[in-house]
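Written below as structure tokens is the structure these notes are about.
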Amino acid sequence: MTLLDRSGADAYVSGNGDLTYDVTRYELDLTYAVDSNRLKGLATLTVVALVDVDRIRLDLHSLDVDKVLVDGKPVKYTHKRDVLAVRLTEPVASGRQLEVRVRYTGNPRPARKRHLGTAGWEELTDGVIVAGQPHGAPTWFPCNDRPSNKATYRLVVTAGSDYTVIANGQLVDRRRGSRTTTWVYEQRQPMATYLATVQIGRYELRAIAGGNVPVSVAAPRGLRSRLGATFGRQADMLNLYADLFGDYPFDGYQVVVTADDLEIPLESQGLSTFGANFLAADWDAERLVAHELAHQWFGNSLTAGAWKDIWLHEGFACYAEWLWSEGSGDRTAADHAEEHWKRLDALDQDLVLADPGPDLMFDDRVYKRGALFLHALRVTLGDESFFDTLAAWVAEHAYGTVDTEQLVDLFASATTSCDVRGLARTWLMEPDLPALPRRA
């Protein structure tokens, strides 16, 4: 695939994204009827051409386009096979900024891709979630759906007044009408499209005290008594991670608990979503709470620019589970590493961590082998050097995109006493599982 291949920007998610332009801001004005699953939307995109272009290719799944304007003027467009191709009235030079407005309607539904399954807008028994990773954003708004294009957002959502609407960023306004309420959220830190979300349900909000930033849980009233066992230490987790990784990167953190069971928890920028089936007081539930919180640093603030580097999200979040276990006085990270090394050693050795392929990008070995590599780095460099370099990694790339080479370069520069590049090569570039180093 060439750099400007219009069939998609990333081979892992074929057909999505365009490398000829960036979107720097999305303003989404949505009206949604829960009963009929009817969405009306007006999306205003600030677009900057990265090369000379004569059209803008947007991703939009299943919904019907009513009108497209560019800089306030109607333009011709086609909408086929989830691609909204906007024809510009004249060629646009690299560096020029445009405003693209798309008015659309329809009944949103998840998008399915080979290897990746379904993602996107999903109806619940009484409400909605958006599970955007990795290809679900186009199910509810037109976008340049690639992780390397991060933008700020304004999300305006109108729904029935008996529902609560939760979205990314800060709630800056709420206007109640006779039957509907409009919720306005501002996401001022740049965000990848797959991390954008809307959650609609009959939720009550509960603040969690003790965090360095506002932390809250939104859940149906019938689940309130069960929240403490699962999320009671959420603020302690956030404080520990802030000590290890640097300040929490967003304005607040919110957890949404749905009345429905969910297959897995869902990661979004500034919030996470759990099904009622994850309300438990055991390690499996606790580690998932820790894992999703860690994604706010690794995945959301620091976002892999290409999906092949997904381990930079999942390996770090998995290792953060072990760091929480250790920091909270439970099992050490070394204990977890030993356990999971033995498990991986008994499995097929056919996964290359730095480029697992779309079939294996969410394989559990990506999570565990990524965490094991980080533990190997920690043992090799020593705690002080490892955590200092980790904090530098987070600070240097905050709100940006990252890749594996950048990480290896940074850790290699942190020491001259050991071969970090050789260590990285065996863990990241070769399929065989290396031996786990142990402290002297």
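The values are calculated or read from the model by the stated rules, or taken from the named source; none is laboratory data. Bear in mind that the values here come from a model prediction, so they are computed numbers and not experimental data. Positions of Cβ are generated from backbone atoms using ideal geometry, with glycine treated the same way; all protein chains shown enter the neighbour counts. Heavy atoms of the whole protein, side chains included, go into the accessibility calculation; ligands, DNA and RNA do not. Shrake-Rupley method; radii C 1.70, N 1.55, O 1.52, S 1.80 Å.
Data table
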item	result
Square roots of five times the Cα gyration tensor eigenvalues for the range 231-350, Å	22, 18, 17
Approximate spin-label separation Ser62-Asp243, in nm, with each point projected 7 Å along Cα-to-Cβ	4.5
Estimated distance in nm for a label pair at Glu263 and Arg87, the labels positioned 7 Å out from Cα along Cα-to-Cβ	4.0
Relative contact order (%) - criterion: Cα under 8 Å, at least six apart; region: the chain	11
Inter-centroid distance (Cα atoms) of the range 280-307 relative to the range 90-161, Å	22
Listed residues Arg109, Arg226 arranged by accessible area, highest first, probe 1.4 Å	Arg109, Arg226
For q = 0.14 Å⁻¹, Debye-computed log10 I/I(0) when each Cα of the range 291-381 counts as one equal scatterer	-0.48
Exposure of Leu433 as accessible area (Å², to 10), given a probe of 1.4 Å and all protein chains	30
DSSP-loop trypsin sites (Lys or Arg not before Pro) across the range 102-180, with at most 15 other Cβ within 10 angstrom	Arg114, Arg179
Cβ-Cβ FRET estimate between Val75 and Arg96, R0 fixed at 25 Å, reported to 0.05	0.95
With DNA, RNA and ligands ignored, accessible area of Asp350 (1.4 Å probe; Å², nearest 10)	90
Accessible surface of the chain [probe 1.4 Å, protein heavy atoms]: carbon and sulfur percent	46
Value of relative contact order over the range 283-426, rounded to a whole percent, pairs C-alpha under 8 Å and six or more apart	30
Using a Förster distance of 30 Å, the FRET efficiency for Tyr399-Asn277 (Cβ separation, nearest 0.05)	0.35
Paramagnetic reach from Arg343 in the range 284-309 [backbone N under 19 Å; point 7 Å along Cα→Cβ]	284-295
Charge sum, other residues only, whose C-beta stays under 14 Å from Phe250's C-beta, Lys/Arg counted +1 and Asp/Glu -1	-3
Cα point-scatterer Debye curve for the range 1-149, base-10 log of I(q)/I(0) at q = 0.16 Å⁻¹	-0.84
Estimated 222 nm signal from helices in the chain, with DSSP H stretches of n ≥ 4 weighted -39500 (n - 2.57), rounded to 500	-7500 deg cm²/dmol
Gain upon complete extension [Arg421, Ala33; 0.36 nm per residue less C-alpha separation]	134.3 nm
Violating pairs (Cα-Cα greater than 23 angstrom) within the set Lys150/Lys308; Lys308/Lys368; Lys308/Lys342	Lys308/Lys342
Cα-projected label distance for Ser178 with Arg439, points at 7 Å along beta-carbon direction, nm	6.9
The chain - convex hull of the alpha-carbon atoms, volume per residue in Å³	140
Mean Cα-pair separation over length for the range 164-316, i.e. relative contact order, pairs under 8 Å, 6 or more apart, %	20
Residue order for Glu326, Glu123 - accessible surface, 1.4 angstrom probe, largest first	Glu123, Glu326
Charge context of Ser328, other residues only, Cβ under 13 angstrom, K/R +1, D/E -1	-3
Glu123-Arg25 FRET efficiency (beta carbon distance; Förster radius 25 Å; 0.05 resolution)	0.30
Solvent-accessible surface (1.4 angstrom probe) belonging to Asp10, in square angstrom, nearest 10	20
Potential extension, Asp236-Leu50 segment - 0.36 nm per residue separation minus Cα distance	62.7 nm
Positive minus negative residues near Val215 (Lys, Arg vs Asp, Glu; Cβ under 12 Å)	0
Heavy-atom accessible area order for Val352, Val86, largest first, 1.4 Å probe	Val352, Val86
Crossing angle, helix 383-396 versus the chain [Cα axis fit, 0-90 degrees, rounded to tens]	10
